[in-house]
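I have placed the structure first, in the form of structure tokens, so that the comments after it can refer back to it.
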Amino acid sequence: MNISYRWLRDLVQGLEVSPQEVADQLAMLGAPVDEVVDLGSPLRDVVIGRVLRAEQHPNADRLRLCTVDAGGAETLQVVCGAANVTAGAYYPFAPVGAQLPGGITLRRAKIRGQESQGMLCSARELGLGRDHEGILELRGEFEPGRSFIESVGLEDTRLVVDITPNRPDLLSHAGIAREVAAAQNLTMRLHALPRATGLAQLELNGDGSARGRAPGVDVSIEDERLCPRYCGLVVRDVTVGPSPEWLATRLRAVGLRPISNVVDATNYVLHELGQPLHAFDLDTLGGRVVVRRARAGERITTLDAVERELTEGMLVIADAERPIAIAGVMGGADSEVQPRTRNILLECALFDAASIRATRSALGLSTDASYRFERGVDPDGMLQALRRAAELIVLVAGGSVETTVAAPGRGLPAPAAIELRLRRIEQVLGTAFDAPQVVRYLEPLGFGVARPASDVLRVEVPGHRRYDVAREEDLIEEIARRHGYDAFADDLRPFRLSAVPDHPLFTLENRLRTLLAGRGLLEAHTAAFAPAAEGSVELLLPLAVTESRLRSALLPGLLRRVEYNFARGARSIRLFEIGTVFETADGGLPRESTRLAIAVTGMRRPPHWSEPDAPVDFWDLKSLAHDVARVLGLEVDVDPVSVEPDRHGTGSGQPLLGPGLSLRLAQPQNGGVAGVAGLVQPDRLDAPAWAGDVWGLEVVVEPLGSRAAAPLRFEPLAQHPAVERDLALLVPRALPAVRVVGVVRDNGGALLEWVTPFDVYSGRGVPDDMRSIAFRLRFRAADRTLLDAEVDTVVRRILQRLSDDLGVQQRD
């Protein structure tokens, strides 16, 4: 949202702080300013130039040779390529040596044999808009050679404000002024228009029905859900032409291109009050306006000269025969205001936000009007906006206003009053606020506050805040904003712990994040939208054709982030994501579930001179899978198996993980597959030649068993020394080492604290069908120092059980 500082000062009485101070204050109020642009500074060298003669260039058909009075003793010759330059008109002129926005310095130049001693400038070249098709013509009387920015009142600063979607009230100068005035303890009011005369009281012709009349037009609404209110005001005998320079300059300050006095008046009110308006040529309407849904096959040529096909359900403004505008988005070319227009119908309407968003998305057409209608306009400010626009049109285009307004529709019901408890404010913010202080914070923002009980306030929500203030907590947020987030004490105060336990799913997610971050993985967050091949739930209004479904798996999207990193030269990538996936359900809403996905590739550890580089391999993936399974209460198949990962890894018809080097994560109760892990098939990944193997894992995240739901247990550090014993065991090659570890743990008793293999040997002295695996066992007692005899007894029991159960013998 572009805000003019001069415009803001006109609205906030007594505002004296600098633009940067305003920007800092808006940031503290929740509307950060992305950029503060001094509009006048880059144009200090530009002056007013008057074209005395404009002739055809002797050596070029598309160039003109202009004689310009720039205030000097002699006139200057300028070569210009714009067709709209006329003798006697005033234009911004950059003489030789002038610097323009972008660091351009003008020099004398010969263009097709003729010397050019400067440049007549377009709005785009001055940084005042996007229009570069013609030179910026100035309306009014000016003094050649005088500073351009002083002559047109462009000594202004533009604030580029970042407005969040929940604050449509800030999409106007009045909305920003309301916030600034409240913060500065000043008064905000609309400034008087120059030489404007007041209008007589407007009379609404509409009793809540779907039909209303004004002189010369009959307005009706066919679908009041999509258009709760429509106001049409007739202005007669206007003279359409260029806007006066003060109006054009004000629009340029916010990045708009002046079009004509009538259209500029509606754009002025849009940026001042946030209410979109549209002006129709009344004489083209045939005396009837209908707000209805489009019919199949209807077409309209919009103001951008593009013919668009409408679909059933799109809301349009129509006359008796055809659509004349796409409601809330853009008007039609057949009914636009043109130089010959004499009578206009001024539209001020209230449209359903979802309908406007759907139409805008389907047509691929976004405008200032649709941007505001999608977020919500003030239903209580329509009459004020209509009156303001009519006054401005009469001021700049003449004419007379019919005081009867066609106003069909019931409008939106008033929001219910909210009860605000002083005790609740203190509970949420940790600071007590009394009633006068709350009133002092809320009333300048437009809220009406009454006090029916000693500690309860009754707050009326104004129309411009009805879209984001609906409950007590929303009002408490407003109090916190007005008080200032930096004004709250930063000390830790007494608080009462919640009696509501954390959801088991959130506990699992936090444990997984802690585990994986400790293993060196970074968390990624990808959008839930996916191509058609990766999802079964189709979106009604996709943001892009390539993302038309909701994802059925996390891993494909995570692998796209791996490809993104590959494209930027990253070799070692360790990512994980916890997110939701969606699957179709028979006759009902899609099923939603939470999953964890992991993607790793590259080196196992950062390079170091003390050890050779080692890539991530299957055993690293297996280690991660075991850690994840331990948190989720799952089991991991020990032997690599061939898996079908479509249900649990891709959501597509083609397998993502290759057979062989893969694992299953299974539920211990019934053996059901909860997830898979394995090597990503090379043909499913756009990887450079130097990239290593990519390993992936995806698993359902849900409390599956007692191990997953059990709370964390903490034990004190040991106070007595441990006793360690190393055992070299002859283990059959077909016997996994993990089974040996299991027997050792089962028979070690309470004294066995830890066991792990640390060496494997095969060769001389070891039978061919055997291998020698060395295990280290640690024993410890919590209440005493162990004796060797106690440890020997346990070791003998372990060796005996290994021999009886597994045929494992101690190596001599």
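The values are calculated or read from the model by the stated rules, or taken from the named source; none is laboratory data. Computed from a prediction, not measured in an experiment: that's the story for all the values here. Here the Cβ is made from the backbone with ideal geometry for all residues, glycine too, and neighbour counts use every protein chain on show. Note: areas computed on protein heavy atoms with side chains; ligands, DNA, RNA excluded. Shrake-Rupley method; radii C 1.70, N 1.55, O 1.52, S 1.80 Å.
When the alpha-carbon atoms of the stretch 100-199 are used, the pair Rg, Dmax equals 20.0, 63 angstrom. Each of LEU303, LEU282 has its accessible area taken with a 1.4 Å probe; listed largest first, they run LEU303, LEU282.
Averaged over its residues, the stretch 712-774 has an accessible area of 68 Å² per residue, based on protein heavy atoms and a 1.4 Å probe. Spatially, the stretch 3-76 and the stretch 281-313 are offset by 38 Å when compared through their Cα centroids. Among the trypsin sites (Lys or Arg not before Pro) in the stretch 146-249, those located in a DSSP loop and surrounded by at most 16 other Cβ atoms within 10 Å of their own Cβ are ARG146, ARG189, ARG195, ARG225. Here is how the number arises for the chain: DSSP H runs of 4 or more residues each give -39500 (n - 2.57), the sum is divided by the residue count, and the result at 222 nm is -7500 deg cm²/dmol.
Are there any trypsin sites (Lys or Arg not before Pro) in the stretch 748-800 that are in a DSSP loop and have at most 13 other Cβ atoms within 10 Å? List them by number.
ARG764, ARG784
Within the chain, helices built from complete DSSP H runs that reach 20 Å or longer along their own axis (Cα positions) and carry a mean Kyte-Doolittle hydropathy of -1.0 or higher are 382-397, 504-518, 618-632, 788-806. Measuring how big the stretch 27-110 is from its alpha-carbon positions, Rg and Dmax come out at 17.4, 60 Å.
Between ASP24 and ASP686, the simple label model (points 7 Å from Cα in the Cβ direction) yields a spacing of 4.7 nm. Exposed loop GluC sites (Glu not before Pro) only (DSSP loop, at most 11 other Cβ atoms within 10 Å): please give the longest stretch of the chain free of them, not including the sites. Counting at most 11 other Cβ atoms within 10 Å as exposed, the longest clean stretch of the chain is 322-812. Rounded to the nearest whole Hz, the Karplus-based 3J(HN,Hα) values (6.51 cos²θ - 1.76 cosθ + 1.60, θ = phi - 60°) of the stretch 67-83 follow the sequence 9, 10, 8, 10, x, x, 5, 10, 7, 10, 9, 10, 8, 9, x, 8, 8, with x at glycine and proline. Residue-normalised convex hull volume from the C-alpha trace of the chain: 267 Å³ per residue.
How big is D for the stretch 8-61, in µm² s⁻¹ as a whole number, if Stokes-Einstein is applied with the Kirkwood radius of its Cα pairs at 20 °C and 1.002 mPa s?
In µm²/s, the coefficient is 137.
Solvent exposure of the stretch 319-434, expressed per residue, is 39 Å² of accessible area, with all protein chains present and a 1.4 angstrom probe.
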